[in-house]
Amino acid sequence: MKNGFNTYHPISQFLFFASVISFTMFIMHPIILLISLAAGSLYVVFTGGISGYLNTLRLTLPTSLMIILINPLVSHGGITILSYLPDGNPFTLESVIFGIAAALLMSCTLKWFYAVNGIFTSDRVIYLFGRLSPRTALLISMILRFFSKFKAQLRIVRAAQQTLVREGSKGNMIRRIKNGVKIFSSMLQWAMENSIDTADSMNSRGYGLHKRTSYSVFKIKPSDILFIITVLAFDIYILAAYIYGAAEYSYYPMFDISFFDLYTVGIYTAFLILCFMPFIIDVREAGKWKSIRSGI
Amino acid sequence: MEIYSVRDLSFSYPAAKEKALKNINLSVNEGEFVMICGLSGCGKSTLLRQLKTSLRPHGEISGTVYFCGKPVDETELLEQAIKIGFVMQSPDHQSVTDKVWHELAFGLENLGLDNKTIRRRTAEMAAFFGIDSWLEKSIDELSGGQKQILNLASVMIMQPSVLILDEPISQLDPIAANEFVSILRHISKELGTTVIICEHTLDYVYSISDRIVVMSDGRIISDSSPEEAAAKLFLSDEPMFSALPVPTRVYTLADHSSGAAPLDIGSGRKWLRSFVRDKELHRRNYAISEHDKTEKPLLEMKNVWFRYNRSSPDVLSGLDLKAYRGEMISVLGGNGAGKTTLLHIAAGIYKPYIGKTVIDQNLKTVLLPQNPQALFVKDSLHDDLYDILSDLQAPVRERERMIKNVSKLCGIDGLLDRHPYDLSGGEQQKAAIAKLLLTKPDILLLDEPVKGLDIKSKTEIGTILKALAANGACIIMVSHDMDFCAEYADRCALFFGGELNGISNPHTFFSENVFYTTAARRMSKDILEEAVTADDILYALGMSISKKNQGGDTELLKKIYAPAQPDEKDKKKDKKPGYIFPFMKAVSFAVFLLSVLHVLNILPLPDGGEHKIITYILMLLSAAGIIISDLADRKKQKNIRIAKIKHSHTHTLLSLSSILITIPITIFIGIYFLKDAKYLFISLLIMLECMLPFFAVFEKRRIRTRELVLIAVMCALCVLSRAAFYMFPQFKPMTALVIISGAALGAESGFLIGSMTMLVSNIIFAQGPWTPWQMFTMGIIGFLSGMIFGRGIAPRSRLSFSVFGFLSAVMIYGGIMDPAAMIMSHIEPTAENIAAYYIAGFPMDLVHGISTAVFLYIGADPIIKKLERVKLKYGLIQ
């Protein structure tokens, strides 16, 4: 795919993910959560395959279980009492349901962040920061460069120090920590002493003499503008409806059972379309690309 | 037109006895290709750095450098940045950003050019250098040669009128060096750019230079055409003479009468053919002592297969090698073929998946990495050598004797007080070898021991290695330097296809090769038989050779390898310390530990949910007790010295006060307008408000490039310590390093380092809703450390560092991050809830706290010392 969602401008992508993730996190509404979970899971499978999905599951399951377990033990709101805890506090259905919703929220956000991590490569992060603070953006870029350099050096230092360690003193725990500190401090010294070259090279190329610009390889295309306008329109609609109270849902003292009315269905639909927009783009582009390629 | 004119330039480094440059006069015309050569330490790099103001080292200067007719220090810095391009030695350290396109654009961004212009210029540059296929790559994916070409391209993109290069090819392998030089020649010939290059390996650049300037001891001793320079060097008996390209050298020694000196192999062959026409050639019998096959090899590799990952290709495939006592084996071969891997397998760092390495249990094997700096850990050469002996059962005097012997053998006995990083490349290499020798090695595995060294250091190292082999050690060395191998090795082998091929003595090896062989062999092929070194050619031509390879102090070597003498009288006794305060400390520690265990419910003390609070208070009190008893005990404990960084303005108060104003307002708005229901929203807002001032100040304040680089380095090290460095699971030194950074670089930088570390490591791991929380928390830890230690509020002793480390990991990091999980899932932050989440996360926090404390206890002092040295070196402190 030449023009899939992953090739869109970082601002478009940021706006999309920011909208979806904040709606998911701030409107803690069961239907919204379910929609978000469905779209997020689909996205994870779409980009990372089944193994990617299992990865997110491995991350979310323990936390989710913890939330589901802890909540009814410490939160005693709600009127449907199922039983009593050893300390005399009530164990309520509402707190169980809220725990499940909270766990759901956690796994939703993690699924979306998985997608974010796939799409927001370092240069996109740097681009976004470059809009706000060019110096921070440069700093990130420098840190990434240094990081990969240091990682390689760490391997070298480890190998070099390994043969110098006397046999028989390897197993001792204090010795191992000391040796670790030694390796790290050798690494640190190498990094700091040699970074003077980096500073010289920056100065030599005129850093700090003039107001800097941030060059980027990203261009805003018409499709980006269309996308941004659409997302913003949905955002405004959902936000307005939310402030009006259409997506209000209460878990305590008793969880609502009425999920559907005219306003809420409007919000659900809007959020559903919003969540699935990358898919719509990708599927349409795949079709387009297929027909173009058959013409080559 | 005269581009540069240097008039009566002298220069001396601060506190140096002798001047580094003495009365230099030099002029360079437009379009010229000038090479400055000389042994390392002759002042050639110092001279180059005088040509651009921003690169001038501190020191005392007299005389003037004119650039385009104007003194260079009166030329606008911006104009200098554009017109004077400067490429340095190391391919790795010059690049600033992580992506190739960004690196190319970096200089243009500094000039404030717009996106469109930068795009056009990078496209043009990429096409000129033929690097358009790498533009999207990360710089760390490039090879050393490619990195250096990128460094050249990112300087050329500024469109300089003069290009200055400080040993640009000394770190490259022969093929990459050739490619780099051909691009350089292209730039000089096609664009007319003036080129000033300094090198001590003359082979590549000599023949394409218009002028050769030879320096020695801070003076220019010769300034002439390449043809004349050879004769001048010969007459003045300069050591640089033996660094000349082989054809030039042989011609000058043998003939120096018929026409101009040949500068490359082609003209050298022409000359040699006509020179030998009517001469009778001397034949030498290259008698080879083959190894006795019955002798047991010291190291044997049998059918070794190795790959790094299950799915990656084989690096070694069925490699066999037998290495015997007393010999030096050279492994040659292409770049990235796996020669270093071979050494690592021989050293036992990696295990082959088929086959094995057989080394006798009692033998000591050591590895010299390509860059000797990887071996240095201490702040002076003496301490660094001593460090190797630290767990040896030998008295101090005996150890000192060993250090003295080793440093004498390696010719570094005058340098023992110096910092290892203040030594030249050759001295560092010799120091590294000295360090290895202290372990009395039987097998030495050397990775490119003479890379980037001048001819003098090469000879010295060759002599040491020869002596070592003669004394019974076995040396396996990987090298690209064919002349060095031809001269010193006993056997050579070509590494190709994961195997060693054609292993034989240097004469057979290099005379059987036609392309991959020494310059002397290429020059004399079909004309002389079996001549592989310049000396061989000269011998055949009837010249006497005075030089000796053998040497080295064998007596000294025997002493070094002799077993350590136990010396009873010399036992050191520790002075008895006062024991009241250490006792108090121990008690506080015990109480601290007990209370921690109680909090964890591991200790079944009289129970009670509410009583836990008492335990918590006890925990804090005992922590305070540790600090107080430590304070009192300070007489014995040294304080770690930290100098304050000079800032043009301090904004700490500004950011603090803005935080103090905005946070209450946010909470107020949250309570009254959002009815306190959206904790998540409010907490995110508060964190944002806390972080913004720091980033705003960072963006606006004037910052010296070196400080910025140091911040980036510390961040990268913290990220590394989170991502790749742990001794045990969850036992990572990241928090400790953030604390050290805050203490050494100040509160604001501490905040920045803490929060950027979390942001960037999450780019590498995974971003999540936790990113802002982690950024905030680590930032606060760095900030507090800067406030407490940077301003000297708390004593900077090891113990108070580690107590602070423990508390900040358990209370700040745990105290914010554990409840954060709750707030992120919209669970109401009641006291009970917070306690439940905190306790659930407490075991992890405890491991985190202990690891931070341990790391700080051991590491704070040495690491801060290193940081302080760099701060001083960078000129960040008065």
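The values are calculated or read from the model by the stated rules, or taken from the named source; none is laboratory data. Treat the numbers as computed from the prediction; the structure is a model and nothing was measured. When we count neighbours, we look across all protein chains shown, and the Cβ atoms used for this are built from the backbone with ideal geometry, even at glycine. What goes into the accessible areas is simple: the full protein's heavy atoms, side chains included, and nothing from ligands, DNA or RNA. Shrake-Rupley method; radii C 1.70, N 1.55, O 1.52, S 1.80 Å.
Placing +1 on the Cβ of every Lys and Arg and -1 on the Cβ of every Asp and Glu, with nothing else charged, gives chain B a dipole about its Cα centre of roughly 2020 debye. If a spin label sat at a point 7 angstrom from the Cα of A:F276 along the line to its beta carbon, the backbone N atoms of the stretch A:31-65 nearer than 13 Å would be those of A:35-36, A:38-40, A:42-43. Put a plus charge on the Cβ of each Lys and Arg, a minus charge on the Cβ of each Asp and Glu, and nothing anywhere else: the dipole of the stretch B:709-832 about its Cα centre is then about 480 debye. Can you list the aspartates and glutamates whose alpha carbon sits under 12 Å from that of B:K137, skipping same-chain ones fewer than 8 residues off? Partners found: A:D123, B:D98, B:E103. Could you list the residues of the stretch A:210-248 with an amide nitrogen less than 17 Å from a label point located 7 Å from the Cα of B:A123 in the Cα-to-C-beta direction? In the stretch A:210-248, the label zone of B:A123 (backbone N under 17 Å from the point 7 Å along Cα→Cβ) covers A:215-221. The tail of the calculated P(r) for chain B beyond 43 Å holds 44 percent of all Cα-Cα pairs. Remark: accessible surface ordering of B:H598, B:H58 (largest first) is B:H58, B:H598, probe radius 1.4 Å. Over 30 Å apart at the Cα level, from the set B:K296/B:K525; A:K151/B:K356; B:K19/B:K466; A:K149/B:K871; B:K44/B:K232; B:K296/B:K451, are B:K296/B:K525; B:K19/B:K466; B:K296/B:K451. Relative to the longest principal axis of the Cα atoms of chain B, the long axis of helix B:226-235 lies at roughly 80 degrees. Kirkwood analysis of the Cα pair distances in the stretch A:9-157 returns a hydrodynamic radius of 18.2 Å. So how tilted is helix A:262-294 from the main axis of chain A? Cα-based, degrees 0 to 90, rounded to 10. So the inclination is approximately 50 degrees.
Overall, the accessible surface of the stretch B:779-843 at a probe of 1.4 angstrom is composed of carbon and sulfur to the extent of 67 percent. Each chain gives up part of its surface: A and B jointly bury about 10700 Å² of accessible area, both sides summed, for a 1.4 Å probe.
Computed over protein heavy atoms with a 1.4 angstrom probe, the accessible surface ordering of B:K678, B:K70, A:K211, largest first, is A:K211, B:K70, B:K678.
Could you tell me how many degrees, from 0 to 90 and to the nearest 10, lie between the Cα long axis of helix B:771-785 and the main elongation axis, the longest principal axis, of the Cα atoms of chain B? With rounding to tens, the tilt is 90 degrees. Rounded to the nearest 10 square angstrom, B:W770 shows an accessible area of 60 square angstrom against a 1.4 Å probe. Pairs from the table (B:K351/B:K866; B:K322/B:K440; B:K558/B:K866; B:K302/B:K430) lying more than 26 angstrom apart at Cα are B:K351/B:K866; B:K558/B:K866; B:K302/B:K430. Select from A:Q161, A:S195, A:I177 the residue farthest towards the positive end of the dipole of the stretch A:132-203; place +1 on Cβ of Lys and Arg, -1 on Cβ of Asp and Glu, and compute about the Cα centre. Going by the charge dipole, the pick is A:I177.
Annotation: the antiparallel percentage among DSSP beta bridges lying fully within the protein assembly as shown is about 50. Using a Gaussian network model of chain A in which every pair of alpha carbons under 10 angstrom is joined by a spring, one finds that among A:T198, A:T121, A:T269 the greatest mean-square fluctuation is at A:T198.
Averaged over the residues of B:348-354, the number of partner chain Cβ atoms lying within 10 Å of the residue Cβ comes to 1. Simple rule: put +1 on each Lys or Arg Cβ and -1 on each Asp or Glu Cβ in the protein assembly as shown, find the dipole, and look at A:F23, A:I292, B:A153; the Cα lying farthest toward the positive end is A:F23. Highest GNM mean-square fluctuation among A:G78, A:G180, A:G130, for chain A modelled with Cα contacts below 10 Å: A:G180. Here's how it looks for B:Y324: its modeled amide H is under 5 Å from those of B:L298, which are all 5 or more places away or on a different chain. Placing +1 on the Cβ of every Lys and Arg and -1 on the Cβ of every Asp and Glu, with nothing else charged, gives chain A a dipole about its Cα centre of roughly 1960 debye.
Cross-link partners among aspartates and glutamates for B:K116, C-alpha distance below 13 Å, same-chain residues fewer than 8 apart left out? B:K116 reaches B:E124. Under the classification rounded if a/c is under 1.5, otherwise prolate if a/b is larger than b/c and oblate if not, where does the protein assembly as shown fall, given a ≥ b ≥ c as square roots of the Cα gyration tensor eigenvalues? It comes out prolate by the Cα gyration axes. Putting +1 on Lys and Arg Cβ atoms and -1 on Asp and Glu Cβ atoms, find which of B:N110, B:F583, B:Y616 reaches farthest to the positive end of the dipole of chain B. The listed residue farthest towards the positive side: B:F583.
Helical content of chain B, expressed as a calculated mean residue ellipticity at 222 nm, amounts to -15000 deg cm²/dmol (DSSP H runs of 4 or more residues, -39,500 (n - 2.57) each, divided by residue number, nearest 500).
Compute the Cα gyration tensor for chain A, then decide on rounded, prolate or oblate, letting a ≥ b ≥ c be the square roots of its eigenvalues: rounded whenever a/c is under 1.5, prolate when a/b is larger than b/c in the other cases, and oblate in all that remain. Verdict is oblate for chain A.
Once you order the gyration tensor axes a ≥ b ≥ c over the Cα atoms, which shape class does the stretch A:132-203 get: rounded for a/c under 1.5, otherwise prolate or oblate by comparing a/b with b/c?
Numbers: a/c = 3.56, a/b = 2.59, b/c = 1.37.
The shape class here is prolate.
A DSSP coil position with no more than 10 other Cβ atoms inside 10 Å describes the following trypsin sites (Lys or Arg not before Pro) in the stretch B:1-100: B:K17.
How much accessible area per residue does chain B have, counting only protein heavy atoms and a probe of 1.4 Å, in square angstrom? Before the final figure, lay out the partial values.
On the way: 37430 Å² over 878 residues.
Accessible surface, normalised per residue, equals 43 Å².
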